[in-house]
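Working notes, beginning with the structure itself.
No value in this document is a laboratory result; all are computed from the given coordinates. Quick caveat: nothing in here was measured; it's all calculated off a predicted structure. Cβ atoms come from the backbone with ideal geometry, glycine included; neighbour counts cover every protein chain shown.
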Amino acid sequence: MPNLALSSLSLLLIAFGLALAGPPCPPERPVVMCSPLIRPYSDNAYFWAEYCELDAPSNVLIADSDQPYDADTDYCAEFLEPTYYPTCCAYKSFCAGVDCDGPETGLLGPGTDQFAQGWVIDIPCAVDVPSRVLANAVVSYSNDTARPLTCTTHCASLGYTYAGIEYGNECYCGTGYADGLPPSSAPASDCSMRCLAGYYWTCGGSWRMQIYKYDPYA
């Protein structure tokens with residue numbers, strides 16, 4: 001006897017254009033799509049939970065920035081950059097494919113996050129010290145402030161004019177530079193740690209801080 005529930009699900013997926021011809025997909029992963037970024041849920045857990053209301057086991061593969069599979073050519077569109085890979089997923093949430101069969105890809109190059117209104121980059125990557133390079137520094141370790149946009153917004157809300165983000169989730173607010181002296185700059189590659197609030201951006205590194213300041217004329 002045919003599985004009526006599965007048949008109904010397949011028809012529904014086809015009706016919405018989600019189950020297209022392409023790589024042979026097993027019944028447990030009937031949704032085929034193209035994605036340049038297929039990574040374990042744990043890599044971007046805060047973002048998926050906070051912004052996509054998506055909860056999954058840490059090792060489940062999520063297809064990010066997905067595009068529909070091209071049924072006519074039977075592959076992912078070749079003009080798309082970066083490279084998009086076909087993958088079979090259990091279902092598609094409103095922002096990503098869930099429980100996909102891979103291939104697991106590397107992370108894409110980080111993008112540039114926005115900042116709070118009036119804030120600009122002051123030092124792209126600075127060398128921090130145990131006493132901290134920002135004057136009168138306070139710190140937040142919350143993932144809610146673990147990206148440039150939310151860190152600068154947090155510091156602005158507290159009345160600070162300098163912000164620095166370090167080691168993935170450390171958001172520092174200050175009134176200027178300690179002793180009035182800008183810290184030493186480090187190579188931009190030293191500030192390559194991905195933000196815990198989303199692997200799309202960088203958040204400093206070990207003893208390396210991305211520093212922003214409020215500029216009323218920006």
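Overview of results
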read-out	value
Close pairs (7 angstrom Cβ cut-off, 6 or more residues apart or separate chains): assigned to a helix (DSSP H, G or I) in the range 49-63, among the polar types (S, T, N, Q) anywhere	Cys52/Ser93
Residues being part of a loop (DSSP other than H, G, I, E, B), within 15 Å of Gly174 (Cα to Cα) and touching a strand residue (DSSP E or B) at 6+ places or on another chain (Cβ under 7 Å) - total across the range 142-161	3
Filter result (on the phi > 0 side of the Ramachandran plot and without any contact (Cβ under 8 Å) to a residue 40 or more places away in the chain) within the range 168-178	Gly168
Count of the range 122-137 residues which are surrounded by fewer than 18 Cβ atoms within 10 Å (Cβ to Cβ), touching a residue at least 12 places away in the same chain (Cβ under 8 Å) and either out of contact with any strand residue (DSSP E or B) (no Cβ under 6 Å at 6 or more places or on another chain) or not aliphatic (A, V, I, L, M) (or both)	6
Residue satisfying all of: in the range 145-182; among the charged types (D, E, K, R) and either in contact with a Lys or Arg (Cβ under 9 Å, 6 or more places away or on another chain) or closer than 17 Å to Gly204 by Cβ (or both); surrounded by the most Cβ atoms within 10 Å (Cβ to Cβ) among these	Arg147
